[in-house]
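Participant: Structure below; questions to follow.
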Amino acid sequence: MNEQKQFLEVTRLWKVDKKHYVKKSSFSAYALLIENHLLPTFGEKCEIGESEVQTFVFQKLHTGLSHKTVKDILIVLKMILKFGAKNKWMEYSPFDIQFPTEREKHNIEILNRVDQKKIMHYVQEHFTFRNLGVYICLSAGVRIGEVCALTWEDIDTDNGIINVRRTIQRIYVVEDGIRKTELILDTPKTKNSIREIPMSKDLLRMLKPIKRIVNKSFFVLTNDSKPTEPRTYRSYYKNLMRALGMPELKFHGLRHSFATRCIESNCDYKTVSVLLGHSNISTTLNLYVHPNLEQKKKAIEQMFKSLR
């Protein structure tokens, strides 16, 4: 066994090593979870047991963090502990952490058909490049970072395709305990997110004449060489929705609305998953495929029909 080290020191060495293997945005997310949650609790410890981690989980849930966030923190904790054990600086035994049952159903928020039509009609009648971004999200289900990163080169009006190849995000960078933010333009996190999305006829009709006269290297939302960042665009979207008298809906609700309309149109689930750029179909099924009461009744009737 090498000389034992505190969790703080093992974390510092792990970060130096990990930086070589992950995207800058992923590394930034890890660093933030470490700084905000792991170091304040475990920083000076040379040994971390299951009971301490279980107590930590309950404390974090009690402060209002979601199950997902706490599980993300545990993933980072395990990576660091395994790294420490591999280098014989810390002992690590896999722990079995229990989470309380989530009793609340998390319903996704979407636009109803009437409101969606109203927004899309408004954009057609009041065209601006920023309004166009909202229309693209409702027509193609792209994420806010993806629409901010779109350039005219990504819009293929000859084949009626939107090529999603990049994303823009503002990340936290923690260096020597000092936090700062940085805007990065990068490829999406997973290979599935790099995708081709066919345009609707209405969207294609809108974009064809514009594509002939714009600079291909310019960003779609600004029609300029400088992009808009997600935070700024989210603020613009909120003001637009308020001006149109729409219900309060997070920007991501546009993507949810697109996916829901696809499912309602009986589009097969695998295709919806590919259009959304999900890493696997189970994500799509869990989020969007929830049989309604009529479908449940039909299933019961069919089952008993076969028993008669």
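The values are calculated or read from the model by the stated rules, or taken from the named source; none is laboratory data. Everything numeric in this text was worked out from a predicted model, so none of it was measured. Positions of Cβ are backbone-derived with ideal geometry, glycine not excepted, and every protein chain shown enters the neighbour counts.
Participant: Scan segment 101-123 for residues that are touching a residue at least 24 places away in the same chain (Cβ under 8 Å) and touching a helix residue (DSSP H, G or I) at 6+ places or on another chain (Cβ under 7 Å) and jot them down.
Facilitator: Glu102, Ile108, Glu109, Ile110, Leu111, Gln116, Ile119, Met120
Participant: Yes or no: Ile213 in the same structural domain as Asp154 (by TED's automatic domain parsing), surrounded by fewer than 19 Cβ atoms within 10 Å (Cβ to Cβ) and over 25 Å from the mean Cα position of the chain (by Cα)?
Facilitator: yes
A quick yes/no check of all residues on (1) in a helix (DSSP H, G or I); (2) surrounded by fewer than 17 Cβ atoms within 10 Å (Cβ to Cβ); (3) outside the structural domain of Thr11 (by TED's automatic domain parsing); (4) out of contact with any His (no Cβ under 8 Å at 6 or more places or on another chain):
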{"site": "Ala31", "(1), (2), (3), (4)": "yes, no, no, yes"}
{"site": "His37", "(1), (2), (3), (4)": "yes, no, no, yes"}
{"site": "Lys45", "(1), (2), (3), (4)": "no, yes, no, yes"}
{"site": "Thr55", "(1), (2), (3), (4)": "yes, yes, no, yes"}
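Participant: Of all residues in segment 248-263 being part of a loop (DSSP other than H, G, I, E, B) and of a type in the set (A, V, I, L, M, F, W, C), which is surrounded by the fewest Cβ atoms within 10 Å (Cβ to Cβ)?
Facilitator: Top of the filtered list is Leu249.
Participant: Right, next: Can we say Ala299 is assigned by TED's automatic domain parsing to the domain that holds Met120, of a type in the set (A, V, I, L, M) and exposed (fewer than 14 other Cβ atoms within 10 Å of the Cβ)?
Facilitator: Criteria not met by Ala299.
Participant: OK, next. Output the residues belonging to segment 128-179 that are out of contact with any helix residue (DSSP H, G or I) (no Cβ under 8 Å at 6 or more places or on another chain), part of a loop (DSSP other than H, G, I, E, B) and modelled with pLDDT of 95 or more.
Facilitator: Those that are out of contact with any helix residue (DSSP H, G or I) (no Cβ under 8 Å at 6 or more places or on another chain), part of a loop (DSSP other than H, G, I, E, B) and modelled with pLDDT of 95 or more: Thr128, Asp158, Asn159.
Participant: Also, quick follow-up: Of the conditions (1) over 20 Å from the mean Cα position of the chain (by Cα); (2) more than 30 Å from Leu183 (Cα to Cα); (3) not assigned by TED's automatic domain parsing to the domain that holds Val173, Asn107 satisfies every one except a single condition; which number is it?
Facilitator: Here Asn107 clears every test but (1).
Participant: Residues being under 16 Å from Ala140 (Cα atoms), in a loop (DSSP other than H, G, I, E, B) and touching a Ser or Thr at 6+ places or on another chain (Cβ under 8 Å): count how many of those fall in segment 265-308.
Facilitator: 2
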